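The values are calculated or read from the model by the stated rules, or taken from the named source; none is laboratory data. Bear in mind the structure is a predicted one, so any value in this text is a computation, not a measurement. Cβ atoms come from the backbone with ideal geometry, glycine included; neighbour counts cover every protein chain shown. In case anyone asks, the SASA skips ligands and DNA or RNA and just uses the protein heavy atoms, side chains included. Shrake-Rupley method; radii C 1.70, N 1.55, O 1.52, S 1.80 Å.
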Amino acid sequence: MKEIILKTESITKHFHDPVEFKVLDEISFEVYKGEFLTVIGKSGCGKSTLLYILSTMDTEFDGELFIDNQNISRWKQDKLAAIRNEKIGFVFQFHYLLGEFTCLKNVMIPALRLGKLPYDVIEEKAYQKLELLGLKDQALKPSSKLSGGQQQRVAIARALINDPLIIMGDEPTGNLDSMNTQNIFSIFKELTQEFGQTIIAVTHDQDFAKASDRTIEMQDGKIINQNYKFI
Amino acid sequence: MSVKKHPVNGEVAYTYIVSNKKLTMVAALGVTLGIAVFIFMNSMLAGFDKSSSEAFFKSIPHIRIYKDDEISKPIVNQSGKNIPVIVNPKVVPSNNTIVNPKQVIQLLKNQPDVALVTPQLTVGIFYNNAKTQISGRAIGILPEEANQMFNMESYVVEGNVNNLKNNINGILLGSGVAAKMNVREGDNISITSSVGMTKVMKVIGVFQTNNSVVDKTTAYVNIAFAQQLMKKNSSYITDINVNIKDYNKAKAYAPELAQLTNYKAEDWESANETYMAATRMRAIIIRFVSISILLVAGFGIYNILNMTVMQKINDIAILKAIGFNGRDVIRIFVSQALIIGLIGIVFGVLFASIMVAVLQNYYVGGDIGYFPIYFKLSNFLKGIFFGFAVTFLAGFIPARKAANIDPVSIFRK
Ligand SMILES: Nc1ncnc2c1ncn2[C@@H]1O[C@H](COP(=O)(O)OP(=O)(O)OP(=O)(O)O)[C@@H](O)[C@H]1O
Ligand SMILES: [Mg+2]
């Protein structure tokens, strides 16, 4: 049996504005260490909402959330920020970088915040991550000067910098051509297989989902299908 | 092994400042003007106070010790009795001299905070001019000591104070008296004291304090001569003048001397209550205006930082998503405010120093002389302190707002 890294117990969430609306309905599932999990479902079914909860940014929900064997459902904001910094890497649906900083700085900032490595080691590491994503030549450009796909790849590099336990992506390959998508897929595969990191990625790309270890399918805020081929 | 943590919050703040130079400059300029005006106005206030107290101490001591009039007390003790008593309090007729003045003077001189002590005797006199008489007063002094206390040399315009000592019949006239009597140094003048003694004196000098009441009525004579004018012996003294080390402490110190000597001790501020009230008013107005200007500068930074927070709302959401907590966000924006404040304060202090230095050497003329402005360290320190306090607050309020931003609500937009 594989080790559980993330678990939800009956997570339910409502939006009250403009009308009372149950966006997530009794979501319960487990994610294992080293698993490459994808989440699919129609637009508006609640994938992003779920991912924000899993990433600890959204704390307004009912039910329990366990990360790395700790029930973090009612933790304080500061403690959650520390968890995000150290254990979770996040790639947003719409690539979000700090526009006034270089790509390199954008990648370095989470590691500088963590403060576990000396500055030059972090810098070296950030270069490596950028190289992995084919962006070494863009390192010193301000991130606002990059194309959408390039920015998305910088965001992926940033998510990797602290070697997090879990990497969450909201359509991390949404803006990429098939070659880059393929590249990222193999990076994710390698991270899970070689380094035991866990990937949870929302995607609309059927091939991407099929090739992952397991796919959760959502509809109207519920899980309608979990494929347990991984265990 | 512990690693030296890179100040990432500071770096983010620095990057925001560098990439928004114009905004930074505008905010810093506001602080510069606020600080400069604050320091300048307070230096002016210090200058006014200094020049007016200097003017005071040309003729009055820090503390004057004298025997107060006594009011008669009812002979019958009426408390607890139902008998109506008619009382008519009056000033007790007794002379106003200090008993055994030498001993009292010695006692005062032994006090650690006392700098100078000198006796004084004031006599009411008439200056005789043909058939008319001008009333005035002669102040009997020990010339050397009085010169030390009041720096008389600085306002003697003709002759020399020290000649008083060598000339028992000498008199130092106020400029107004000299003009009315039409006398100058070396001339003779006749005076009559309030007890009817008439003497002919030799004018050894003329002084001008620019206080017209003093200049038109007062003359200085030797204290021994004043005693002769009163037909009294050499222990007849009405006032003992005391200067202490710090004249600002006179008000607090006077009661101690009163208790020590058993005479009334009046500090210079109480002696000039009306003038001091006007001075306090001036101080309040200047402080109020200068602090208002600092606050206006503070509002400037507040506005600009508020705008920055609004512009950077996406950045803040990202920073929070990647693990920065509320305190980190506050530090980022407060550092930004403090860097702006620091730039503003450095230039503000520079500006104020230049203004003070230039005005200090500006000759206004008249009684004032040089523009009364005074380079006082505490005003600069106050300016720097208030400058930082205002910028800190102006940064903290928007920063706290930024810290409470919910990243998810930003990402959903
Ligand atoms: N702040 C909000 N207030 C009210 N309703 C919201 C809010 N945010 C999202 N919703 C609704 O919640 C539902 C789920 O939204 P969510 O963004 O999770 O969908 P999604 O599955 O990620 O869709 P997509 O694939 O298009 O990204 C949608 O119907 C959306 O309209
Ligand atoms: Mg979505």
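Taking all protein chains together and a probe of 1.4 Å, list A:14, B:62 from the most accessible to the least accessible.
The most accessible residue leads, giving A:14, B:62.
If you average the sequence gap of Cα pairs under 8 Å that are 6 or more apart and divide by the length of chain B, what percent do you get for the contact order? Kindly include the intermediate steps, with their values, before the conclusion.
Working: 662 pairs, mean separation 109.3, N = 413.
Across chain B, relative contact order equals 26 percent.
Would you rank A:214, B:412, B:282, A:113 by solvent-accessible area, highest first, keeping every protein chain in place and using a 1.4 Å probe?
In descending accessible area the options line up as B:412, B:282, A:113, A:214.
Consider a paramagnetic label point 7 Å from the Cα of residue B:134 along Cα→Cβ; state which residues of region B:211-232 have an amide N under 20 Å from it.
B:211-222
Considering only Cα-Cα distances, which of the following residue pairs are longer than 30 Å: A:145/B:21; A:125/A:189; A:47/A:76; A:141/A:210?
A:141/A:210
Mind listing P(r) for the protein assembly as shown? All alpha-carbon pairs, 20 Å bins, whole percents.
15, 29, 17, 15, 16, 8, 0
Take every DSSP beta bridge whose two residues both sit in region A:4-225, then give the antiparallel share in percent to the nearest 5. The partial results should precede the final answer.
On the way: 19 of 37 bridges.
Restricted to region A:4-225, the bridges split so that about 50 percent are antiparallel.
Which value does Rg/Rh take for region A:4-225 over its C-alpha atoms, Rh per Kirkwood?
0.96
Kindly write out, for region B:407-413 in residue order, the coupling ³J(HN,Hα) from the Karplus curve 6.51 cos²θ - 1.76 cosθ + 1.60 (θ = phi - 60°), rounded to whole Hz, with x marking Gly and Pro.
Each residue's phi maps through the Karplus curve to give x, 4, 5, 6, 5, 6, 5 Hz.
Highest GNM mean-square fluctuation, chain B, Cα pairs closer than 10 Å: which of B:88, B:222, B:160?
B:88
Step through the residues of region B:27-35 one at a time and calculate ³J(HN,Hα) from phi using the Karplus curve (6.51 cos²θ - 1.76 cosθ + 1.60, θ = phi - 60°), rounding each to whole Hz and writing x for Gly and Pro.
For region B:27-35, the Karplus-derived couplings read 5, 5, 4, x, 5, 3, 5, x, 5 Hz, x marking Gly and Pro.
Which entries of B:50/B:216; B:320/B:413; A:105/B:5; B:50/B:382; B:180/B:202; A:116/B:4 have Cα-Cα distances beyond 20 Å here?
Going by Cα-Cα distance, B:50/B:216 fall outside the 20 Å limit.
Based on the alpha-carbon set only, what is the convex hull volume of chain B divided per residue, in Å³?
Spelled out: Cα convex hull of chain B, divided by residues, is 282 Å³.
Per residue of region B:320-336, what does 6.51 cos²θ - 1.76 cosθ + 1.60 with θ = phi - 60° give for ³J(HN,Hα)? Whole Hz please, x for Gly and Pro, Karplus curve as stated.
5, 5, 8, x, 7, 9, x, 5, 4, 5, 4, 4, 4, 7, 5, 4, 4
Amide H neighbours of residue B:167 under 5 Å, counting only residues 5+ apart in sequence or on other chains, H built in-plane at 1.01 Å?
When sequence neighbours closer than 5 places are left aside, there are no close amide H contacts.
For a bin width of 5 Å, list the pair-distance distribution of region A:79-177 built from all Cα-Cα distances, rounded to whole %.
Per 5 Å bin, starting at 0, the Cα pair percentages come out as 3, 15, 26, 27, 20, 8, 2, 0.
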